[in-house]
C-alpha cells in the first residue's frame with residue numbers, strides 16, 4: 001500500500017470544480033546539526049558522539065527528508081504541501097538547510113521556529129508556502145510536567161494567519177513521552193492536552209469563524225484519554241459537535257493502521273485534529289476533505305525484525321541511513337472554485 005486513505009472522507013461533487021490543498025505533520029526523528037551546543041544535551045549527535053553524526057550523515061538526512069516532503073500531496077496539487085508542522089528539530093538552521101535543499105528550494109518555504117526549553121534541545125517547527133499562507137502571529141506555550149516538574153519538555157508552537165484569506169491557527173505539538181510507562185506518564189500528556197485545548201478555545205472565542213488545527217506527535221493514540229477526553233474528539237464526521245474536535249485518525253487507528261511501530265504493534269501518535277469550523281456543510285470555505293498517511297514502500301524497512309516498520313536513521317544503535325521512525329501524515333482541504341461554476 002503506497003498511500004493510506006482513511007474512510008473519513010468528505011465527498012466532492014464531480015460536477016463542480018475545486019481547489020485542493022495539503023497540510024501535513026512529520027516527526028522527522030532527531031534532525032540535529034553536527035555542532036555541540038553547550039546549552040543542549042546533543043553530544044550524541046556530534047562527530048565524536050555515540051552516533052558519530054557527521055556532515056555526510058547530516059546531508060543524507062536532509063536529502064531524505066526533502067525527498068519525502070517534495071512528494072507529499074503532489075497527486076492532488078502541483079505545489080505539494082502548503083503547510084507542514086515538524087518536530088524533533090534542533091534549531092532554525094537545520095530547517096533552513098531543509099527548505100533550501102535542491103528538491104524544495106523552488107517552493108520558497110518560509111520558517112517559524114521558536115527555541116524552547118526541552119533538555120535535548122528539540123522543538124516543534126513550522127514551514128509554509130507564502131503563496132497560500134500569510135502569518136500574522138507566532139508564539140509558544142510552556143507545558144509543565146505533572147510527574148517531574150523539573151524536567152523540561154517541548155513547548156506548543158502556535159502559528160496564526162490567513163490561509164488564502166481565511167483565518168487559520170495551527171498548534172504544533174510534541175507531547176511528553178511515555179517514559180516510565182504509558183500509565184505513569186499519562187498525567188503529563190493530559191496536561192499538554194489541557195494547555196492545547198485552552199489555547200485553541202482562546203482562539204475560537206476571539207473569532208468564532210477561525211479554523212483551528214491541533215497537530216503533532218501526541219505520544220498517544222486517538223482513543224487515549226488526552227485526545228478523546230481532554231481535547232474532546234470524535235471520529236465520525238456524521239456526529240460533528242460544535243465544542244469538539246474531529247479526529248480523522250480515529251478510523252485508520254481502529255483499522256490497525258499506524259505511523260510508528262514498536263515490538264510488533266502499531267501506534268498512531270501523529271494526528272491532526274480539526275475544529276468544527278474546518279467541517280462546514282458545503283465547500284464555500286476551505287474545509288477538511290481527506291486524510292492520508294504517507295507510507296510508501298521506500299519509507300519502510302525491508303529487513304529483519306523491523307520489516308515493514310518506518311525506515312529510521314538509526315536502528316539498534318547502528319546507522320541505517322533511513323528517513324524517520326515515524327511516517328508523515330497530511331490532510332487535504334478543499335474549496336469550491338466558484339469562478340469556474342459562474343463561467344460555465
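A few comments on the model shown:
- Condition met for residue 164 (surrounded by 15 or more Cβ atoms within 10 Å (Cβ to Cβ), in contact with a strand residue (DSSP E or B) (Cβ under 8 Å, 6 or more places away or on another chain) and closer than 16 Å to residue 274 by Cα): no
- All positions within segment 44-64 that are touching a residue at least 60 places away in the same chain (Cβ under 8 Å), surrounded by fewer than 24 Cβ atoms within 10 Å (Cβ to Cβ) and part of a helix (DSSP H, G or I): 57, 60, 64
- Among (1) closer than 27 Å to residue 318 by Cα; (2) in contact with a helix residue (DSSP H, G or I) (Cβ under 8 Å, 6 or more places away or on another chain); (3) free of Cβ contacts under 8 Å to residues at least 60 places away in the same chain - the single one residue 109 does not satisfy: (1)
- Residue within segment 26-38 that is at pLDDT 95 or above, within 24 Å of residue 235 (Cβ to Cβ), surrounded by 17 or more Cβ atoms within 10 Å (Cβ to Cβ) and under 16 Å from the mean Cα position of the chain (by Cα) present: yes
- Test: residue in segment 188-202 that is assigned to a loop (DSSP other than H, G, I, E, B) and crowded, with 19+ Cβ neighbours inside 10 Å: no
- Per the listing 15, 8, 51, the residue uniquely in contact with a helix residue (DSSP H, G or I) (Cβ under 6 Å, 6 or more places away or on another chain), modelled with pLDDT under 95 and farther than 15 Å from residue 119 by Cβ is 8.
- Of everything in segment 260-270 that is in contact with a helix residue (DSSP H, G or I) (Cβ under 9 Å, 6 or more places away or on another chain) and on the phi < 0 side of the Ramachandran plot, the residue that is surrounded by the most Cβ atoms within 10 Å (Cβ to Cβ) is 268.
- Residue match in segment 9-22 (condition: part of a loop (DSSP other than H, G, I, E, B), over 30 Å from residue 255 (Cβ atoms) and under 19 Å from the mean Cα position of the chain (by Cα)): no
- The condition of being surrounded by fewer than 17 Cβ atoms within 10 Å (Cβ to Cβ), closer than 18 Å to residue 294 by Cα and touching a helix residue (DSSP H, G or I) at 6+ places or on another chain (Cβ under 9 Å) holds for only one of 67, 115, that being 67.
- Inside segment 77-104, residues that are crowded, with 20+ Cβ neighbours inside 10 Å and assigned to a loop (DSSP other than H, G, I, E, B) make up a count of 4.
- Condition met for residue 111 (under 18 Å from the mean Cα position of the chain (by Cα) and either at pLDDT below 95 or part of a helix (DSSP H, G or I) (or both)): no
- Here residue 312 fulfils each of the conditions (1) surrounded by fewer than 18 Cβ atoms within 10 Å (Cβ to Cβ); (2) in a loop (DSSP other than H, G, I, E, B); (3) modelled with pLDDT of 95 or more apart from (1).
- Members of segment 277-303 found to be surrounded by fewer than 17 Cβ atoms within 10 Å (Cβ to Cβ) and either more than 22 Å from residue 12 (Cα to Cα) or out of contact with any helix residue (DSSP H, G or I) (no Cβ under 9 Å at 6 or more places or on another chain) (or both), listed by number: 280, 281, 282, 296, 297, 298, 302, 303
The values are calculated or read from the model by the stated rules, or taken from the named source; none is laboratory data. Keep in mind that what you see is a predicted model, and the values were worked out from it rather than measured. Please note: Cβ atoms are built from the backbone with ideal geometry, for glycine as well, and neighbour counts cover all protein chains shown.
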